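What follows is a short report on a single structure.
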Amino acid sequence: MSDSPPTAPADATDSTEPRDRKAEHLQLAERREMQARENYFHNYAFEHRALPEIDLAEVDPSVSFLGTRLEAPLLISCMTGGTGKAESVNRNLARAAERAGIAVGVGSQRKALEQPEQVHTFQIREHAPSVPLLGNLGAVQFNYGYGHAECEAAVEMIDADALALHLNPLQEAIQPEGDRDFSTLLPKMGEVAEKLSVPVIAKEIGCGISGAMARKLMDHGIDMIDTAGQGGTSWARIEAERADDVELGDLFANWGIPTPLAIQEVSEVPGTTVIGSGGVRSGVDVAKALALGADLVGMASPFLKAAMESEEAVVNKIERTVRELRIAMFCVGARSISEIQNARIFERT
């Protein structure tokens, strides 16, 4: 499970051990204590426009992403797959994304590549035929036998429009069955980015990507950066809970780059498409992420909780988030996403 998820169950590396790690990730990610204590977006505020000089009906949050028009700049971040409950969760997420006209991703597909009987838990294209769909694999697997062929197989498995390669060194370091060799991955990611049939997204899962790291990734041909910064689900806490070492989880619970800072740094890298994720909880947070430099905004935990309930619950959460975003845009006089991206936002003192 991964993005920031919440950055979410999806961003864990899969394995074939008898213990069902994916199911454990889903169960643990629902617990409040696995979420960050602080919302870093609360540290930022917009300059309110008492006279916005626009009609709320004019506010249009639509954007273009991967060649598709989205009704709002939202991505249901990569979260899950490869376990029983994940099938219904992914189905609810996909159907809701299609109805709302936003993008959606799946969790790490390694388990499906190694256990074909799990493929169906990821195959959601029939439920989301017209919106962008993101595949997902762990970049660290390039040091454990994976390469272009496996990435292409992941794309073909779900008819993905892009592939997210997730980066999760802290999670792997704490995870009992973690894969910890992160050496020489940049050139291997670059080789995949050069050959793959779809764009490649580099994403963290809750510790953030810095501007300096984004430059290196872009220099190696990565197409987009998903910040997945600190402020959402703590994968340190989740894996420490699984390892029966709560003290270690507490020690590293706040490790990482806060999402607002990660967004600002990555957006300064020329030519970068920035997906801002990590602790985004509302439409106001979405508006702030856009003003700080994001082109698209990913949310995981709020949608996961809704998807555990029903498709309708996910649709309601999306609609609520978009309504909050439109109100925020209205109150700063922004008719479009490009205008909210240029709105004045400041850090509270």
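Quick notes
- Selection of first residues in segment 136-154 that are loosely packed, with under 15 Cβ neighbours inside 10 Å and of second residues that are charged (D, E, K, R), restricted to Cβ pairs under 8 Å at least 6 apart or on distinct chains, gives the following pairs, ordered by first then second residue: 144/179; 144/181; 147/188; 147/191.
- Subset of segment 16-32 that is in contact with a helix residue (DSSP H, G or I) (Cβ under 7 Å, 6 or more places away or on another chain) and surrounded by fewer than 21 Cβ atoms within 10 Å (Cβ to Cβ) - its residue that is modelled with the lowest pLDDT: 16
- Count of segment 55-78 residues which are part of a loop (DSSP other than H, G, I, E, B) and under 17 Å from residue 324 (Cα atoms): 8
- Selected residue (criterion: surrounded by the most Cβ atoms within 10 Å (Cβ to Cβ)) from residues of segment 111-128 that are of a type in the set (A, V, I, L, M) and assigned to a helix (DSSP H, G or I): 112
Every residue, every condition in (1) under 18 Å from residue 205 (Cα atoms); (2) touching a Gly at 6+ places or on another chain (Cβ under 8 Å); (3) polar (S, T, N, Q); (4) outside any loop (DSSP other than H, G, I, E, B), yes or no:
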| site | (1), (2), (3), (4) |
| --- | --- |
| 250 | yes, no, no, yes |
| 271 | no, no, no, no |
| 274 | yes, yes, no, yes |
| 289 | yes, yes, no, yes |
| 302 | yes, no, no, yes |
| 313 | no, no, no, yes |
| 324 | no, yes, no, yes |
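- Any hit, segment 36-43, residues being among the aromatic types (Phe, Trp, Tyr), touching a strand residue (DSSP E or B) at 6+ places or on another chain (Cβ under 9 Å) and more than 28 Å from residue 241 (Cα to Cα): no
- Test result for residue 306, under 20 Å from residue 107 (Cβ atoms), among the small types (Gly, Ala, Ser) and either out of contact with any Pro (no Cβ under 9 Å at 6 or more places or on another chain) or part of a helix (DSSP H, G or I) (or both): yes
- Those residues of segment 233-247 which are surrounded by fewer than 19 Cβ atoms within 10 Å (Cβ to Cβ) and in a loop (DSSP other than H, G, I, E, B), in sequence order: 243, 244, 245
- From the options 308, 299, residue that is at pLDDT below 95 and closer than 25 Å to residue 133 by Cα: 308
- Hits in segment 68-95 (condition: closer than 21 Å to residue 287 by Cα and either surrounded by fewer than 24 Cβ atoms within 10 Å (Cβ to Cβ) or not hydroxyl-bearing (Ser, Thr, Tyr) (or both)): 68, 69, 70, 71, 72, 73, 74, 75, 76, 78
The values are calculated or read from the model by the stated rules, or taken from the named source; none is laboratory data. Note that the coordinates shown come from a computational prediction; the quantities given were computed from them, not determined experimentally. Here Cβ is always computed from backbone atoms with ideal geometry, including for glycine, and neighbour counts include all displayed protein chains.
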